[in-house]
Amino acid sequence: MSQSQRSNSPRRVIHFINAAHVIDHMFMLIFPAAVLGMTQAFALDYAQLIGLSLGGFIAFGACSLPAGWLGDRWSRRHMMLLFFFGIGAASIITGLSTSTTMLAVGMTLVGVFAAIYHPVGTAMLVAYAQNRGREIGVNGMWGNLGVAFSALLTGFLVAQFGWRSAFILPGSVSILIGLAFAWQIKDEPIPVRAHTAPKGKSGQRISMTMVFTVLAIATATGGVVFNATTMTYPKLFQDRLHDLFASPQTLGLIVSLAYAFGAIAQLTIGRFLDRFSLKWPFVILTICQAPFLFALAYVDSWPVMLLGAGFMFVVFGQVTVNDAMVANFVAPQWQSRVFALRYFLSFGASATAIPLIAYVEPRQGLAGLYLILAGFAALTFLAAAVFPRTPAENPSAQLA
């Protein structure tokens with residue numbers, strides 16, 4: 001189905017998909033920011049409480065496979081409705097928790113419904129986008145703002161109204177957005193196009209085995225690094241900036257500003273992807289990650305903010321490149337399932353970050369954890385180095 005034959009406005013659909021990306025990342029990271037204000041309520045320390053989120057991150061990866069299959073075979077619109085209503089209700093349940101068991105169940109349900117967005121929402125975005133690289137970058141920016149909002153909004157709500165409000169109020173907003181989506185977006189068939197073998201910069205056929213091997217390695221190692229850093233940034237900034245900033249609200253703002261650099265990266269990289277080969281942004285972004293992590297293991301005070309912001313720039317920029325690989329190499333009718341495989345691998349690997357944090361942080365602190373993550377980042381760069389050069393999808397696209 002062509003853009004002109006659609007009954008839905010592409011811009012309206014994309015606006016809702018971008019809003020869903022904000023919700024997805026924000027809701028998955030409310031807990032790591034709120035946990036700093038929950039230790040007394042549940043009589044547990046930081047590492048013990050963080051461990052309760054493991055089920056959510058496992059579900060975030062595992063449930064992406066059935067979500068992607070249902071998106072392609074049933075309805076992407078219906079799956080997105082399930083996303084908005086389900087994640088909102090799960091967040092409210094988490095906020096009403098009175099025991100650690102209920103808290104763990106609530107977080108697991110958040111992960112179950114959060115798993116819908118990436119395979120289904122990203123495929124829906126690509127289907128409606130005209131300049132795919134640019135729209136993937138803009139969408140990634142909104143997802144990154146969701147990460148930033150999680151620290152900023154959670155810090156404010158915890159300080160003003162208590163930790164329960166940090167889950168209940170955002171959950172209610174998600175349900176309201178779901179109602180608006182149901183009213184304004186109609187169900188439409190998925191467009192179908194024939195698959196053509198991709199070719200490299202010099203015209204030779206690109207090995208799809210090579211492409212997906214590189215994508216798998218970068219997705220797995222990058223997933224561990226991404227989740228471990230976004231989970232521990234509130235704690236890192238609290239420990240390293242305690243002499244400068246004491247209140248949860250101020251620390252939440254500083255963490256959010258660091259995350260905001262990731263939003264700038266995704267917007268910038270997305271606009272370049274239409275004009276240049278995927279390889280060079282991939283290599284440049286990944287070669288910087290290990291040095292940033294190594295430095296973050298040791299620095300203190302103001303340099304933490306600068307290095308933390310720089311690392312967010314390169315790690316979120318890489319996410320945009322990885323999504324563009326699927327968009328460029330996979331036909332629309334298969335994209336939900338391939339995105340599902342990518343995010344199953346990414347979030348499945350990222351779930352290992354939770355026990356890694358729980359084991360390493362009490363013994364070696366965040367310094368030891370970040371040195372281990374630097375090793376994972378080095379593997380991501382090696383994968384990027386062997387990725388084949390590809391021609392630009394839309395060389396005439398404007399950067400402005």
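For the reader, a short list of remarks on this structure follows.
- Gly140 vs. criteria on the phi > 0 side of the Ramachandran plot and at pLDDT below 85: no
- Here Ala114, Ala104 are screened, and the one residue that is under 24 Å from Val13 (Cβ atoms) and of a type outside the set (Phe, Trp, Tyr) is Ala114.
- The residue that is modelled with the highest pLDDT, counting only those in the range 269-303 that are closer than 25 Å to Arg132 by Cα, assigned to a helix (DSSP H, G or I) and aromatic (Phe, Trp, Tyr), is Phe282.
- Residue within the range 68-90 that is aliphatic (A, V, I, L, M) and touching a Lys or Arg at 6+ places or on another chain (Cβ under 8 Å) present: no
- Of the residues in the range 321-344, none is open to solvent by less than 10 Å² (accessible area, probe 1.4 Å) and acidic (Asp, Glu).
- Top-ranked residue in the range 162-179 [being part of a helix (DSSP H, G or I) and open to solvent by 30 Å² or more (accessible area, probe 1.4 Å); ranked as farthest from Arg12 (Cα to Cα)]: Ile168
- Members of the range 235-268 that are at pLDDT below 80, under 25 Å from Gly51 (Cα atoms) and buried (at least 21 other Cβ atoms within 10 Å of the Cβ): Pro248, Leu251, Gly252, Ile254, Val255, Ser256, Tyr259
- A search for C-beta distances below 7 Å between a residue of the range 379-391 that is within 15 Å of Leu285 (Cα to Cα) and any residue that is among the basic types (Lys, Arg) and modelled with pLDDT under 85, counting only pairs 6+ apart in sequence or on different chains, returns Phe387/Lys279.
- Residue satisfying condition, being out of contact with any strand residue (DSSP E or B) (no Cβ under 7 Å at 6 or more places or on another chain), in contact (Cβ under 8 Å) with a residue 24 or more places away in the chain and within 24 Å of Tyr233 (Cα to Cα), within set Leu273, Leu356, Leu306: Leu356
- Qualifying residue in the range 299-307 (condition: crowded, with 24+ Cβ neighbours inside 10 Å and of a type outside the set (D, E, K, R)): no
- Residue that is surrounded by fewer than 24 Cβ atoms within 10 Å (Cβ to Cβ) and in contact (Cβ under 8 Å) with a residue 60 or more places away in the chain, where the choices are Ala159, Ala148: Ala159
- Just one residue in the set Ile93, Ile116, Ile87 is of a type outside the set (Asp, Glu) and open to solvent by 50 Å² or more (accessible area, probe 1.4 Å); that residue is Ile93.
Residue by residue, here is whether (1) of a type in the set (Val, Ile, Thr); (2) open to solvent by 60 Å² or more (accessible area, probe 1.4 Å) holds:
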position: Phe347; (1), (2): no, no
position: Ser350; (1), (2): no, no
position: Val360; (1), (2): yes, no
position: Arg363; (1), (2): no, yes
position: Leu369; (1), (2): no, no
position: Leu379; (1), (2): no, yes
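- Identification of helices (runs of 4 or more DSSP H) wholly contained in the range 36-76 with 2 or more residues that are crowded, with 17+ Cβ neighbours inside 10 Å yields 46-51, 54-62, 64-73.
- Ala127 vs. criteria closer than 27 Å to Phe339 by Cβ, assigned to a helix (DSSP H, G or I) and among the small types (Gly, Ala, Ser): yes
- Verdict on Gly310 being closer than 25 Å to Arg132 by Cβ, open to solvent by less than 40 Å² (accessible area, probe 1.4 Å), modelled with pLDDT of 80 or more and assigned to a helix (DSSP H, G or I): no
The values are calculated or read from the model by the stated rules, or taken from the named source; none is laboratory data. Please read all numbers here as calculations on a predicted model, not as lab measurements. Because the Cβ atoms are built from the backbone with ideal geometry, glycine has one as well, and the counts that use them run over all protein chains shown. Quick note on the areas: whole protein, heavy atoms, side chains included, nothing else; ligands and nucleic acids left out. Shrake-Rupley method; radii C 1.70, N 1.55, O 1.52, S 1.80 Å.
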